[in-house]
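Enquirer: Dropping the structure in here first, questions after.
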Amino acid sequence: MGANASASVVLLDHPAPHVARLRINRPDKRNAIDQAVRQGFVDHLTVLLADPQVRALVLGGVEGVFSAGGDIPSMVGLSKAQARERMQHIHGLCRMVAHARIPVVSAMEGVTAGAAVGLALLGDRIVIGRGARVLFPFLKLGLAPDWGQLLTLPRRVGLPVARRLLSDGQAVDGEEAVRLGLADAVHDDADVMVGAVALAASLARLPGEAFARMKQRLHHPSATLDEELQREEADQAVCLTGEDFREGYDAFMTKRSADFIGRPGAAR
């Protein structure tokens, strides 16, 4: 499938200043994720993550549904080599989302299943609707969980809860998802995307370099205190001498809100 076809199944817009939004556009398939969708994300992210004007990202789907998960018919009849190739394509996208230096917010509207849960867990924050359903269908299909979920899900909800969610196959609604720590905020179903965009717009105003360094260290925890202190020293040596700190200090001293985008204090 060509680049134009891949782009058509992943829509890009900019719903708030410095916020980009990518939405899966396969409403007839409940936004199931196939190779074209994955490639559409990769193509867009390649450009967006190199754009300094993009300071936050929202992931979602069209018509009030995030995604029914992986496109199951496209998984049938694969050779082992093709199965490995498919997983390598998935993992390329996983790395792009997980390693993004900017905040990534996912909007869990309607149904979020399987691969889409994995995609959301690779980001930073998850907003969900009260009537939403989160599903983990892997074992029912005879498949092991993928998209990194055996790492990312326990990190969010703890190992016992992750084991139960993955093995029981029970749907989780919005209120329960927040209670478990699977999602960060619950909204009325009609307001999920609005809430996700508002959150992303707020996160876009954070100091970019400091956020990126914090995110990297949270994703890759230090093995020892000495290692963490060494990383901390390296990060603060950059941050303390950077324009964001000059702006933050000026805002603190003049009792105003810091503007890490315009940086009026840093320009003085």
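Enquirer: Cut-off is 10 Å between beta-carbons; in what order do Asp51, Asp235 appear when sorted fewest neighbours first? Numbers along the way, then the final one.
Expert: Working: Asp51 11, Asp235 17.
With the sparsest Cβ surroundings first, the list reads Asp51, Asp235.
Enquirer: Rank-order 32-39, 212-219, 150-157 by packing density, defined as the average count of other C-beta atoms within 10 Å over each peptide's residues, highest first.
Expert: Highest to lowest by the protection proxy: 32-39, 150-157, 212-219.
Enquirer: Share of antiparallel DSSP beta bridges in the stretch 12-88, in percent to the nearest 5? Present the calculation step by step, with values, prior to reporting the outcome.
Expert: On the way: 3 of 10 bridges.
DSSP beta bridges in the stretch 12-88 are roughly 30 percent antiparallel.
Enquirer: I need the phi-derived Karplus couplings for the stretch 69-76: 6.51 cos²θ - 1.76 cosθ + 1.60, θ = phi - 60°, integer Hz, Gly and Pro marked x.
Expert: My calculation for the stretch 69-76 gives x, x, 6, 4, x, 6, 8, 7 Hz in order.
Enquirer: Now for a different question. Out of all DSSP beta bridges in the stretch 3-204, what portion is antiparallel? Express it as a percent rounded to 5.
Expert: Values: 6 of 27 bridges.
The answer is about 20 percent antiparallel.
Enquirer: Enter the angle in degrees (range 0 to 90, nearest 10) between the Cα long axis of helix 159-168 and the first principal axis of the Cα atoms of the chain, meaning the one along which they spread out most.
Expert: Computed tilt is about 30 degrees.
Enquirer: Short version: ³J(HN,Hα) in whole Hz for each residue of the stretch 132-148, in order, from phi by Karplus 6.51 cos²θ - 1.76 cosθ + 1.60 (θ = phi - 60°), x for Gly and Pro, what are they?
Expert: Rounded to whole hertz, the list is 5, 10, 10, 10, 10, x, 4, 5, 4, 9, x, 10, 7, x, 9, 6, x.
Enquirer: Under 1.5 on a/c is rounded, so check that first for the stretch 165-259, then, if it is not, pick prolate when a/b is larger than b/c and oblate when it is not; a ≥ b ≥ c are the square roots of the alpha carbon gyration tensor eigenvalues. Numbers along the way, then the final one.
Expert: Working: a/c = 3.81, a/b = 1.45, b/c = 2.63.
It is oblate, given that a/c is not under 1.5 and a/b is not larger than b/c.
Enquirer: Sequence-distant or interchain residues sharing an amide H contact under 5 Å with Gly69, placed H: which?
Expert: Ile33, Ala113, Ala116
Every number here is computed from the coordinates shown, using simple stated rules; none is lab data. Please read these numbers as outputs of a predicted model, since none were measured by experiment. Counting neighbours? That spans all protein chains shown, and the Cβs are built from the backbone with ideal geometry, glycine included.
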